[in-house]
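No lab work stands behind these numbers, since they all come straight from the coordinates. Here the structure is a predicted model, which means the values were calculated and not measured. So basically every Cβ, Gly included, is an ideal-geometry build from the backbone, and we count neighbours across all protein chains shown.
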Amino acid sequence: MLEEKTFELNDIVEMKKPHPCGTNRWKIIRMGMDIRIKCMGCQHSVLMPRKEFTRKLKKVLGPESEAE
């Protein structure tokens, strides 16, 4: 059985595919039915359904302060 990845608001996450700007680190800035993440490189934000987000998520790096 797969382990459910837990994430919270303001966590830094790593997605399976990097953003076109070259960065693979994203900050969760909104949570609900949809999740909005912001690229840590170019500040572009993306809104995606929670199901799609959990499928594309590689790993949770932790809160912004710890992930630096």
Members of region 35-53 that are closer than 17 Å to K5 by Cβ and surrounded by 13 or more Cβ atoms within 10 Å (Cβ to Cβ):
I35, I37, M48, F53
Applying the selection to region 9-37, what residues are under 17 Å from K58 (Cβ atoms) and charged (D, E, K, R)?
D11, E14, K16, K17, R25, K27
Output the qualifying pairs, or none if there are none: Cβ atoms under 8 angstrom, residues six or more apart or on different chains, first residue in region 7-33 and in contact (Cβ under 8 Å) with a residue 12 or more places away in the chain and surrounded by 18 or more Cβ atoms within 10 Å (Cβ to Cβ), second residue of a type in the set (D, E) and part of a loop (DSSP other than H, G, I, E, B).
I28/E8
Expected output for region 34-61 (first residue touching a residue at least 12 places away in the same chain (Cβ under 8 Å), partner in a helix (DSSP H, G or I), Cβ below 8 Å, 6+ apart or cross-chain) is D34/R50; I35/R50; I35/F53; I37/F53; M48/K56; L61/A67
